[in-house]
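The values are calculated or read from the model by the stated rules, or taken from the named source; none is laboratory data. This structure is a prediction, so every number in the text was calculated from the model and none was measured. Because the Cβ atoms are built from the backbone with ideal geometry, glycine has one as well, and the counts that use them run over all protein chains shown.
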Amino acid sequence: MENNHSEKVQLLIIGSGPAGYTAAIYAARANLKPVLYQGIQPGGQLTITTEVENYPGYADGIQGPEMMVDFEKQAKRMGADIRFGMATAADLSASPFKITIDDEKIIEAEALIISTGASAKWLHLESEQRLNGYGVSACAVCDGFFFKGQEVAIVGGGDTACEEALYLSKICSTVHMLVRRDEMRASKIMQQRVDKASNITVYWNTEVVEILGKEKVEGVKIRNRKSHEESLIPVKAFFVAIGHTPNSDIFKGQITMDEQGYIKTINGSTRTNIEGVFAAGDVQDKTYRQAVTAAGSGSMAALDSERYLSAKEA
């Protein structure tokens, strides 16, 4: 289909978090002339965080959005073609792979790097969105440190919520863990660890009514789902740990995924079950979910795609 709405490229990268941009930096330096589409949230999840203190090389910390601007500038300086637009459909049945951008333009790519990330699930409260980055966070490992010695709340009942509550319990004075049902989904061993932690208080059958505070989190209003009784807990931070959704819908049925929709990669690589299609960052990583691990897998995806394209030419 050779028309104005079709374009052939050697390497297409979709997604613009640390994984996508790092892949673009490496691929551009290898002269693969990568084209990167930024997606709905240029810069990815880091654009909704404020201070990033745990990324190596930034001795004084950096704002998440500013760091992503640095990544983008570096990719551009290396010669990557960075574009605004969202992948809305995909045909991975044969090479070149056909990716539709914004429902209109088709990019035909010899190799494809999927770095579309994952999105945190939220409670969809007005106060939660308003205070996001001001005490509300979906990543305890990223932001717990800022609330050292203070009281915090975390909502969720799965393994991740338990893991994050335990992480917070080592830093914060008290962790109020809010569980919607009368039991946790988490594995028994994780529940036992939470039970043993003297400074974690679990609230069963609890729903969050509102997060309190004008400019920063000052407390949380909760309601018992059985007695309908409402109460206030004064906290300085509110962590949401009810899961993530990988942004992989357009590839469903074409690429191997787990039951949650995370793309499966071949151990020790970024290769998927489709030759020439690679996955990097949070769309294939539900374990670590850090900027530095996403960036690391982005460099792996660029190197893997370079090897694939070289072998194809040979």
Exercise. Which of the following residues is of a type in the set (S, T, N, Q), crowded, with 17+ Cβ neighbours inside 10 Å and either in contact with an Asp or Glu (Cβ under 8 Å, 6 or more places away or on another chain) or outside the structural domain of C172 (by TED's automatic domain parsing) (or both): T270, T287, T256?
Worked result: T270
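At pLDDT 95 or above and buried (at least 19 other Cβ atoms within 10 Å of the Cβ): does that describe L125?
no
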Exercise. Across the stretch 235-248, which residue is modelled with the lowest pLDDT among those that are part of a loop (DSSP other than H, G, I, E, B) and of a type outside the set (V, I, T)?
Worked result: G243
Problem set entry | First in the stretch 115-142 and at positive phi, second anywhere and among the charged types (D, E, K, R) and surrounded by 23 or more Cβ atoms within 10 Å (Cβ to Cβ), Cβ under 6 Å, 6 or more apart | G117/D282
For this session: Pick out the one residue from A80, A90 that is within 21 Å of P18 (Cα to Cα) and either at pLDDT 95 or above or surrounded by fewer than 20 Cβ atoms within 10 Å (Cβ to Cβ) (or both).
Result: A80
Problem set entry | Residue satisfying all of: in the stretch 283-314; among the polar types (S, T, N, Q) and in a helix (DSSP H, G or I); nearest to A24 (Cα to Cα) among these | S299
For this session: Could you pull out the residue among V202, V208 that is over 30 Å from L92 (Cβ atoms), β-branched (V, I, T) and over 24 Å from the mean Cα position of the chain (by Cα)?
Result: V202
Exercise. Quick check: anything in the stretch 46-65 within 24 Å of V141 (Cβ to Cβ) and over 23 Å from the mean Cα position of the chain (by Cα)?
Worked result: yes
Seminar exercise, completed: Only one of D60, D159, D70, D103 is without any contact (Cβ under 8 Å) to a residue 40 or more places away in the chain and within 22 Å of Y262 (Cα to Cα), namely D159
For this session: Identify all residues within the stretch 95-137 that are in contact with a Lys or Arg (Cβ under 7 Å, 6 or more places away or on another chain), of a type outside the set (D, E) and part of a strand (DSSP E or B); write none if there are none.
Result: I106
For this session: Would you mention how many residues in the stretch 249-282 are assigned to a loop (DSSP other than H, G, I, E, B), under 25 Å from Q74 (Cβ atoms) and not β-branched (V, I, T)?
Result: 2
